[in-house]
Each structure stands twice: as C-alpha cells, then as structure tokens.
1. With the requirement that a residue be in contact with an Asp or Glu (Cβ under 7 Å, 6 or more places away or on another chain) and either at pLDDT below 95 or assigned by TED's automatic domain parsing to the domain that holds Ala74 (or both), what does the stretch 234-262 give you?
2. Pick out the one residue from Tyr315, Tyr284 that is out of contact with any Asp or Glu (no Cβ under 8 Å at 6 or more places or on another chain), closer than 25 Å to Ile133 by Cα, of a type in the set (Phe, Trp, Tyr) and within 16 Å of ligand 1 (Cβ to nearest atom).
3. Which residues, taken from the stretch 257-291, are within 14 Å of ligand 2 (Cβ to nearest atom) and more than 12 Å from the chain's Cα centre (by Cα)?
4. Those residues that are of a type in the set (Ser, Thr, Tyr) and assigned to a loop (DSSP other than H, G, I, E, B), I need them from the stretch 138-182; list them, please.
5. Restricting the first residue to the stretch 345-369 and requiring it to be open to solvent by less than 30 Å² (accessible area, probe 1.4 Å), which pairs with a second residue that is of a type in the set (D, E, K, R) and not in a helix (DSSP H, G or I) meet a Cβ separation below 6 Å and a spacing of at least six or different chains?
6. For the stretch 246-263, name all the residues that are within 14 Å of ligand 1 (Cβ to nearest atom) and open to solvent by less than 10 Å² (accessible area, probe 1.4 Å).
7. For the structure I just gave you, tell me whether Gln231 is assigned by TED's automatic domain parsing to the domain that holds Leu61 and more than 15 Å from ligand 1 (Cβ to nearest atom).
8. Failed condition for Ala269, given (1) in contact with a helix residue (DSSP H, G or I) (Cβ under 6 Å, 6 or more places away or on another chain); (2) within 18 Å of Leu9 (Cβ to Cβ); (3) more than 16 Å from ligand 1 (Cβ to nearest atom), with all others met?
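The values are calculated or read from the model by the stated rules, or taken from the named source; none is laboratory data. Just so it is clear, the model here is predicted, and its values are computed rather than measured. With ideal geometry, Cβ positions are generated from the backbone for all residues, glycine too; neighbour counts draw on all protein chains shown. Heavy atoms of the whole protein, side chains included, go into the accessibility calculation; ligands, DNA and RNA do not. Shrake-Rupley method; radii C 1.70, N 1.55, O 1.52, S 1.80 Å.
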Amino acid sequence: MPSYNLLLLPGDGIGPEVMAEVGKVVAFLGQAGLASFETETDLVGGSAIDAHGKPLADATLKRADAADAILLGAVGGPKWNGVAYDIRPEAGLLRLRKDLGLFANLRPAICYPALADASALKRELVEGLDIMIVRELTGGVYFGEPKEITTLPDGSKRAVDTQVYTTGEIARIAHVAFDLARKRGNRVASADKNNVMKSGVLWKEVVGEVHAAHYADVELEHVLADNCAMQLVRRPKQFDVLVTDNLFGDILSDAAAMLTGSLGMLPSASLGEVDDRGTRKALYEPVHGSAPDIAGQDAANPLAMIGSLAMCLRYSFGLGEAADLLDGAITDALAGGARTRDIASEGSRVVGTKGMGDAVVAALKARVG
Ligand code: IPM
Ligand code: MG
C-alpha cells in the first residue's frame, strides 16, 4: 500500500476542530489498510500571523509545495480584523492558491437524501441535487492589478480592483469543466457578464471555441451570472457542471451550498495543472469559513472537511473506492440520524463535531465489515 504525504493546515476558528475529525478518518483508513498517510501539521491564516507575523510562512509554502496534497480547515476571525491588508489571514490562503497554481476549484453541491428537509428550498426542488461548480481560482478580480486605494487631489479616495482574464486562463478552466461533464451528465453551463464586462465577452467566446473544437458532444449553455443566481434558487436541478470565474464562483458556490442544507456540507478541491509525471498540486478545503462565533464549542459540522478528504482520495490519489466508501459513510451517518446543529431539524439527534466524526468512523467500520 503506497503512503502519501499530507500537509494539514487547520487554520483558525473551527478549522482545528473539523481537522481533528479528519485525523480520526485518516487513522481508520490506515488501520483498515485502505490508504496510508504520513501527516504533517502547520499554520496558516491568523494562527500563522500570531506565530510568524504573516499568514503563510515561506517554510510552510515550501512544505505545501512538497506535499502530495494539502488539507486546509479555514482562515480568519475578528481577532485579526485590525491587521494590515497584505498580511490579513485570507492572504495566506490566496498565496497558497496562487503560488501553487491551483487554478481549478471544484465545488460539488450534493443534496443528501436525509437532508432534503434541511434545505432552505422545498424538498422537491433539491432532492437528488448534484451540481459541480467549477470556479476559476487564480485569476480575475482576486489577483488583477492595479488593486489599490489612492487619494484624489480633493482628499477623497478612489478604490480600484481589476478584473482580468486571458485566453489561456479561460481555456484551461473550460477544459476542466468539459472533461468533468463527460463523466457526469454531459452538460455545462458557463456563467459570465458579457452584457456588461469585456472579460465576460472574452469568457463566453473562449468557452464557446473550446467547446466547438474539442467537446461538441457535450451540451453547452451560456448564462448570465445574475440570471444564474436566480436559476440556482428557482430550479437548481437544471444544472450539471457550472463553470465560472473567480468572483462569480465565490458567490454562486455559497448560494449552491445552502441548497444542500448547510454551508457545513460542501467540500472543495483546488487543483493545478497535470505535470509530466501525471501528478498535480492539490489543496482540499471546506467551502465554509472559520465560523468564529461557534469555535471551540464542539458545534461545527465536520462533514465538509471530511468530504474534502474524500475528494483528496479521489482526485489526488486515484483511490476511487476508498473515496466512495467515505462518501457512503457520510450518507450512512446522516441516514442514521446524526445531525450537527446547522443541519438539525425537529426531532433529530443533535451531535457535536466529535460525535459526527465518530458517527462517520462507525459507519466506515460497518461498511468495511
Ligand atoms: C472561499 C472563501 C475565500 C474566497 C476567502 C476566505 C478569501 O470565501 O474559498 O470561497 O473568497 O475565495
Ligand atoms: Mg467564498
């Protein structure tokens, strides 16, 4: 059994608590002979600011670069509200994404049968929901220059962010979306704002060209990002793969998360280009944030973090069976009635973060026999 090197970056707030539950799953996978990992733990975000004065130490970035995969909890919190913009906790996460070239962010929004009633939408709208959001992660307004606040002659200020995309950046994320669609429902919706933004005009054009040249068998639909937000809450099951830019993807994936019952349910994978050896850099993290309001209370839902480990097994290590097993264990834990507070409904058995992790490990044990 090959052994993989995993870098764990628990981060801030509920990050360390949900990461601890991943630790239990990793230990079980090792004991059961399903997958073996060597793990190292390091700091990112606010905890790194406290220790090193910046949200990502160079040594941590080096470790991240050398690891087979990275698992990250969450960053940020009110404690660091006052720190300079360049060294705010989020900057650590953004540097990891940018410097490791993790341009493809996969955010699956799946509604587990047991949770259809926890969604803000009616059961019939979300039951069976299975959307894959493909968010461009290293370009657009997140990283475009200039990005600044300047003072005008009259003393007032002017803030600029720059939305910028090149043909290459759009084409490579389009390829990821179309390739994924072929393994799923064979449909891609591409969201942009070509009615207002030049970057949107180029986005639509390039996605269309990649489609025509390589993926004529896949169904493609272009949708305006605002309409897409509306369609997501009106009739979400119309979508299969949804590809969009960095900022729209940030917003639309939060909306999609709530369809599934809770932000605490959504895992994600951030992938780099495939290299000559057939491997790629990868970071896995829950879509939810550090939730400082519930940190340290054993109240956070660890399923998005555990689901991120399942994505890691699948996308970084080709361990599809182990990933299916883990996804199945999450389904079983929910079907068995375990609910953290965020997904609890009347009459459900409310468990803490640790209790949910234990329920997943118990379900794994039951499945392995
Ligand atoms: C996300 C988060 C991040 C983002 C923040 C924490 C910088 O909201 O991963 O969706 O905006 O990308
Ligand atoms: Mg976000």
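1. Ser262 - this is the single residue of the stretch 234-262 that is in contact with an Asp or Glu (Cβ under 7 Å, 6 or more places away or on another chain) and either at pLDDT below 95 or assigned by TED's automatic domain parsing to the domain that holds Ala74 (or both).
2. Values: Tyr315 fails: within 16 Å of ligand 1 (Cβ to nearest atom).
Step by step, each of Tyr315, Tyr284 is checked, and only Tyr284 is out of contact with any Asp or Glu (no Cβ under 8 Å at 6 or more places or on another chain), closer than 25 Å to Ile133 by Cα, of a type in the set (Phe, Trp, Tyr) and within 16 Å of ligand 1 (Cβ to nearest atom).
3. Initial filter on the stretch 257-291 (within 14 Å of ligand 2 (Cβ to nearest atom)): 257-258, 263-264, 266-268, 270, 285-291.
Matches in the stretch 257-291: Met258, Ser290, Ala291.
4. First, the residues of the stretch 138-182 that are of a type in the set (Ser, Thr, Tyr): 138, 142, 150-151, 156, 162, 165-167.
Residues satisfying the conditions are Thr138, Ser156, Tyr165, Thr166.
5. Gly352/Asp298; Thr353/Asp298
6. First, the residues of the stretch 246-263 that are within 14 Å of ligand 1 (Cβ to nearest atom): 246-258, 263.
Matches in the stretch 246-263: Asn246, Gly249, Leu252, Ser253, Ala256, Ala257.
7. On the way: assigned by TED's automatic domain parsing to the domain that holds Leu61: no; more than 15 Å from ligand 1 (Cβ to nearest atom): yes.
So Gln231 fails the test.
8. Every listed condition holds for Ala269 apart from (3).
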